[in-house]
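Chemist: Pasting a structure below so you can have a look.
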Amino acid sequence: TTFNFPKNFWWGAATSGPQTEGRFYKPHANIFDYDFEKYPDHFWHGIGPDTASNFYNDYKNDIALMKAAGLNSVRTSIQWTRLIDDLETGSLNPDAVRFYNAVIDEFIKQGIRPIMNLHHFDIPVELLHKYGGWESKHVVALFVKFTEKCFELFSDRVTDWFTYNEPMVVVEGGYLYQFHYPDLVDGKKAVQVAYNLQLASSKAIAAFRKLNKNPEGKIGIILNLTPNYPASESEADKAAAHFADLWQNGLFMDASVKGAFPAELVDILTKDDVIWDATPEELEIIRQNTIDYLGVNFYHPNRAQAPKYSSDSLAVDWIPNKYFEEYEKRGVRMNVDKGWEIYPRALYDIAKNIQENYDNIAWFVSENGMGVSREDRYFDAESGQINDDYRIQFIKEHLYYVHKGIEEGSNCFGYHLWTPIDCFSWRNSYRNRYGLISVNIHTQEKTLKKSAYFFKELADKSSVD
Ligand code: BGP
């Protein structure tokens, strides 16, 4: 069977500034940079963000390779720590203005739609140390100032904008589960940070609508939507899954699409005495500045269960993904390198949820992908490429469910793979590779993988067999 996708479908891939550019000529350190300076041992083979995939120097070649992989649209991000010289006044770093202009022009020259995101976990570390980062509304104001500069400088040529990538990861990674700096466990702060991120997103959207120079211009937010399936049929597990869904997905979804936080969640947080500090004026800004469209990052679902050891009503346990045996018993497929469950049908559930509960807003898969370690195992000397058939299979399976959603009326307009070119990421560094194009991290040589040729055909035909 052949599955055809709509005309003008976005076939592309996503990456970010801090994961690709390298630290060349950057006036400030973000929290990735800082974390690496402090704890280089936490990073795979001690490799940090200093060079990354050298996009700062090699962007022309990289964009040409993206073209060769058939991408008609690519998302990256503008780094706050690169563009802004003085973080308080918002004065510009001229070298960064030149660089981002050159990148945008190069994408356009190659016929690739440039999509710009404004925050990819990369808050300037100074703002964290001075003001407590996203805990502070002053930092919200400074971020909005940065976004205004971006719209003034680039919105004549960039039509597609996103305020944040995965704000929930900032909350959970930084303030609940300690996998991102600042490594705190503080429920009250986590809740305030979530609110402030939403407020900053809504304020940036307001600024965009004022400053945008392009009548076609659109702005949205990118959320990691993680369907929470109850681990069993028990009422307790179902309740845990429901709460996890409200917190992980509902909070930013409702506020961004409907202009208000889920009442049930606000109620729970109020009863638990961790509710955020909000003013009526701010809530009005959130109400008025909803998104034009939505990006959904999807990697794996969660299997939620009632907390075994905690009496805290806000606690949820997840079957840790690393318990492979537990998953095998259930007949679930795993990406063993990354330790994530593979469950493509979740994309159909997401499509249905958006269709039924979020007014069928326009959305696209903004990240989906498979991280694989030691990919050189699959290098084929004859063709000179990595034969990543598992990635092709992974993409096809996920597209099957995207297509099924569209058939049933879902307003999905694109599919972006994470990522075009193998890139750096926090802690993972270069261990698990996700790209259509491989990077030799010693020589910076870049080569199309088998999946890049598959993707080109997919994008050219806008259909998959
Ligand atoms: C997403 C992030 C990306 C990317 C990806 C893969 O959550 O938006 O920045 O890193 O996950 O994750 P990792 O590289 O940690 O395996």
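Chemist: Rounded to the nearest 5, what % of DSSP beta bridges with both residues in the chain are antiparallel?
Modeler: Of all bridge pairs located within the chain, approximately 35 percent are antiparallel.
Chemist: OK, next. Charges at C-beta only: +1 for Lys and Arg, -1 for Asp and Glu. How large is the resulting dipole of segment 171-220 about its Cα centre, in Debye rounded to 20?
Modeler: 400
Chemist: Tell me, 41, 465, 292, 35 in order of fewest to most beta-carbon neighbours within 10 Å?
Modeler: 41, 465, 292, 35
Chemist: May I pose another question? How high is the relative contact order of segment 211-284? Use alpha-carbon pairs under 8 Å, at least six apart in sequence, and give a whole percent.
Modeler: That works out to 20 percent.
Chemist: Which whole-number percent is the relative contact order of the chain (Cα, under 8 Å, 6+ apart)?
Modeler: Contact order relative to length: 19 percent.
Chemist: Would you grab the residues whose amide H sits under 5 Å from the one on residue 414? Only those 5+ places off in sequence or on another chain, please, with H modelled 1.01 Å from N.
Modeler: Result for residue 414 returns 10, 365.
Chemist: I would also like to ask the following. Could you tell me the relative contact order of segment 332-465? Use alpha-carbon pairs under 8 Å, at least six residues apart, and round to a whole percent.
Modeler: Numbers: 183 pairs, mean separation 35.9, N = 134.
Relative contact order of segment 332-465: 27 percent.
Chemist: I've got another one for you. Quick one: which residues, 5+ away or cross-chain, put their amide H under 5 Å from the amide H of residue 304? H built at 1.01 Å from N.
Modeler: HN-HN under 5 Å from residue 304: 229, 231.
Chemist: Next question. Measure up 218/396; 338/450; 60/450; 60/449; 7/396 against 24 Å on the Cα-Cα distance and list the ones that go over.
Modeler: Flagged as over cut-off: 218/396.
Chemist: Can you list residues whose amide H is under 5 Å from residue 93's amide H, if they're 5+ apart or on another chain and H is modeled 1.01 Å from N?
Modeler: Those qualifying (amide H under 5 Å, at least 5 residues apart or on another chain) are 84, 85.
Chemist: Give the order of 340, 10 when sorted by the count of other beta carbons within 10 angstrom, beginning with the fewest.
Modeler: With the fewest neighbours first, 340, 10 line up as 340, 10.
Chemist: With charges set only on the Cβ (+1 for Lys and Arg, -1 for Asp and Glu), what does the dipole of the chain come to about its Cα centre, in debye to the nearest 20?
Modeler: Working: 49 positive and 65 negative charges, 195 e Å.
Its charge dipole is roughly 940 debye.
Chemist: Could you name the lysines whose alpha carbon sits less than 26 Å from that of residue 188, not counting residues in the same chain fewer than 8 places away?
Modeler: 130, 137, 203, 238, 258, 271, 308
Chemist: Among 180, 101, 370, which residue has its Cα furthest toward the positive end of the charge dipole of the chain, with +1 on Lys/Arg Cβ and -1 on Asp/Glu Cβ?
Modeler: The one lying farthest along the dipole's positive direction is 101.
Chemist: Using alpha carbons only, how many angstrom separate the centre of segment 357-408 from the centre of segment 144-214?
Modeler: 27
Chemist: How large is ³J(HN,Hα) for each residue in segment 81-92, as worked out from phi by the Karplus curve 6.51 cos²θ - 1.76 cosθ + 1.60 (θ = phi - 60°), to whole Hz, x for Gly and Pro?
Modeler: 6, 9, 6, 9, 7, 9, 5, 7, 8, x, 5, 8
Chemist: Moving to a separate point now. If you take every residue apart from residue 351 with its C-beta less than 9 Å away from the C-beta of residue 351, what net charge results, scoring Lys and Arg +1 and Asp and Glu -1?
Modeler: Summing Lys and Arg as +1 and Asp and Glu as -1 gives 0.
Every number here is computed from the coordinates shown, using simple stated rules; none is lab data. If you're wondering where the values come from, they're calculated on a predicted model, not measured in any experiment. FYI the Cβ positions are ideal-geometry reconstructions off the backbone, even for glycines, and counts take in every protein chain you see.
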